[in-house]
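**Student:** Okay, here's the structure, questions in a sec.
The values are calculated or read from the model by the stated rules, or taken from the named source; none is laboratory data. Owing to the predicted nature of the structure, the values given are computational and were not obtained by experimental measurement. Cβ sites come from the backbone with ideal geometry, for glycine too, and all protein chains shown count toward neighbours. Remember, those area values only see protein heavy atoms, side chains included, never the ligands or the DNA or RNA. Shrake-Rupley method; radii C 1.70, N 1.55, O 1.52, S 1.80 Å.
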Amino acid sequence: MLVPPWLEPLLSTAFFTICQTHNCLPRNECNMFCIDCGLRPAFCFYCRSIWHQHHRVIQIRRSSYHDVVRVSEIDKFLDISGVQTYVINSAKVIFLNERPQPKTSYSGKSSPHFCKICTRSLLDPFCFCSLGCKLVGIKKNKESNKKVGSEERRRLLMGPSKEENDEFEEGNGNKELHESSKKNGKPRRPLQQAYSNSRRRKGIPQRAPLGP
């Protein structure tokens, strides 16, 4: 998934504050976010009709004091696959950010599904509990891919390291020894063991009895 430039500002925006421009009017909570403007703060219903009339705008809602967005609004602009969905007021929603972990589950039953980032238990086999956790997962994957890519480039430019060469030579030596023993029809002992056995005394020599 390509991370759009407006996603991180969306996750860090403070919603449900009072609009300073329309603080005397009803419905003045700042619960709107403009994808086209991106870096601007949240705004209210009246600001949308004035400055964002033809922009792509999503509305943020609240569930248990946490910010959510409807799937029907966000999936037009963002890949939300892997994020746990919930049904609130007959509409599917996803949480924007990670929530505090409950000490004990209400049902007392542990779920087999967990968020890969914060290990929060999930209702269904999803990978993340929120958009924020999915963003962290994407960044971690990018970092791991960069490390793998840099290691491959180093091998192409400088060749294998000394440790890799030693392991390769040791593996080839064991392979040759195994192939030789298969051709002779009998197993061969390792060189070090054969050398140590060749120097071992077979027994104490017996002297001939002395004559009369």
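**Student:** Shape of region 1-79 from its Cα gyration tensor (a ≥ b ≥ c, root eigenvalues): rounded if a/c is under 1.5, otherwise prolate when a/b > b/c, or oblate? Could the numbers behind the result be given before it?
**Tutor:** Values: a/c = 1.89, a/b = 1.44, b/c = 1.31.
Judged from the Cα gyration tensor, region 1-79 comes out prolate (a/c at least 1.5, a/b above b/c).
**Student:** Taking square-rooted eigenvalues a ≥ b ≥ c of the alpha carbon gyration tensor, is region 40-79 rounded, prolate or oblate, where a/c under 1.5 means rounded and, failing that, a/b exceeding b/c means prolate?
**Tutor:** Values: a/c = 2.56, a/b = 1.30, b/c = 1.97.
Oblate, since a/c reaches 1.5 and b/c is not below a/b.
**Student:** Can you compute the label reach from Asn97? Point 7 Å from Cα along the Cβ direction, backbone N cut-off under 16 Å, restricted to region 1-17.
**Tutor:** Output list for this probe position: 7-17.
**Student:** Expressed as a whole percentage, what fraction of the accessible surface of region 1-147 belongs to carbon and sulfur atoms when a 1.4 Å probe is rolled over the protein heavy atoms?
**Tutor:** 53
**Student:** Based on the Cβ-Cβ distance of Cys37 and Asp124, what FRET efficiency does E = 1/(1 + (r/R0)^6) give at R0 = 30 Å, to the nearest 0.05?
**Tutor:** So, using R0 = 30 Å, E works out to roughly 0.30.
**Student:** If you don't mind, another one. Which FRET efficiency value, to the nearest 0.05, do you get for Val87 and Ile50 by plugging their Cβ-Cβ distance into 1/(1 + (r/R0)^6) with R0 = 25 Å?
**Tutor:** The value I calculate is 0.15.
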